[in-house]
1. Out of residues 5 or more away from GLN141 or on other chains, whose amide H comes under 5 Å of its own, with H placed 1.01 Å from N in the peptide plane?
2. Got a sec to turn the phi values of region 133-141 into Karplus ³J(HN,Hα) couplings, 6.51 cos²θ - 1.76 cosθ + 1.60 with θ = phi - 60°, whole Hz, x for Gly and Pro?
3. No solvent, one uniform scatterer per C-alpha: report log10 I(q)/I(0) for region 15-110 via the Debye equation at q = 0.20, 0.21 1/Å, two decimals.
4. Can you give the angle from 0 to 90° between the axis of helix 99-110 and the longest principal axis of the chain, with both taken from C-alpha atoms, to the nearest 10?
5. Which trypsin sites (Lys or Arg not before Pro) in region 17-60 sit in a loop by DSSP (not H, G, I, E or B) and have at most 15 other Cβ atoms within 10 Å of their own Cβ?
6. Cα to Cα, under 20 Å, and not fewer than 8 places away if on the same chain: which lysines meet these conditions relative to LYS157?
7. Which ³J(HN,Hα) values, rounded to whole Hz and listed in residue order, are derived for region 116-121 from phi using the Karplus coefficients 6.51, -1.76 and 1.60 in 6.51 cos²θ - 1.76 cosθ + 1.60 with θ = phi - 60°, glycine and proline given as x?
8. Please list the non-local residues whose amide H lies under 5 Å from the amide H of ILE135, H modeled 1.01 Å from N, same-chain partners needing a gap of 5 or more.
Amino acid sequence: MCTSSVESAGTPAPWFALRVRARSEHVAASALRIKGYDPFAPTYKVRRNYSDRAKTVEAPLFPGYIFCKFSPADKFGILNSPAVSEIVGFGGAITPIPDDDILAVRRALTAGAAPSPYLRTGHRVRITRGVLAGIEGVLKQCDAGARVVISVDLLEKSISIQVSADDITPL
């Protein structure tokens, strides 16, 4: 048996992000649960339209990733689980995720959170809806009302416009 949520010294095991095979989040979570680990595969409800009907389905919040609480000593048991590709980390070392981050994801899900494109100030974006659909610019401010700067390079002039954050996507 594995030491899943508590290490041998009595300290709680940390959370880690796992990269899993495409569309296999549920398979990986089930396999880890059977092995005695504590996986968390966050999902949200989304309405999908099919040719003959519309249906509400559960979709992964972070496609291709799940979270699991385990002792770093158990990493080979994790990596030998079906559908698990790797443990996410930096510089060749696995990196734990703070418990507060997992708690924040859980709380946001209960409040109705859904995925959103990752937007950062200074990145190029495209306006996707409204009379400005198709225009590209640089994101100047990112909040409920995003501010997009549109530049005319030939004139070396720029203009700024306020748009809904829901109406832009990163390039």
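1. Amide H neighbours of GLN141, under 5 Å, 5+ apart: ARG147.
2. Karplus-based 3J(HN,Hα) across region 133-141 equals 3, x, 6, 10, x, 10, 6, 9, 9 Hz.
3. Values returned for q = 0.20, 0.21 Å⁻¹ are -0.97, -1.05.
4. Compared with the principal axis, the helix lies near 60 degrees.
5. Values: sites: ARG19, ARG21, ARG23, ARG33, LYS35, LYS45, ARG47, ARG48, ARG53, LYS55; in loops: ARG21, ARG23, LYS35, ARG53.
Here the sparse-neighbourhood loop sites are ARG21, ARG23, ARG53.
6. LYS140
7. Coupling constants for region 116-121: 9, x, 7, 10, 10, 4 Hz.
8. Here ILE127 satisfy the definition.
Each reported figure results from applying straightforward, stated rules to the coordinates on display, with no laboratory input. Values in this document were obtained by computation on a predicted structure and should not be read as measured data. Ideal geometry is used to build each Cβ from the backbone, glycine not excepted, and the neighbour counts take in all protein chains shown.
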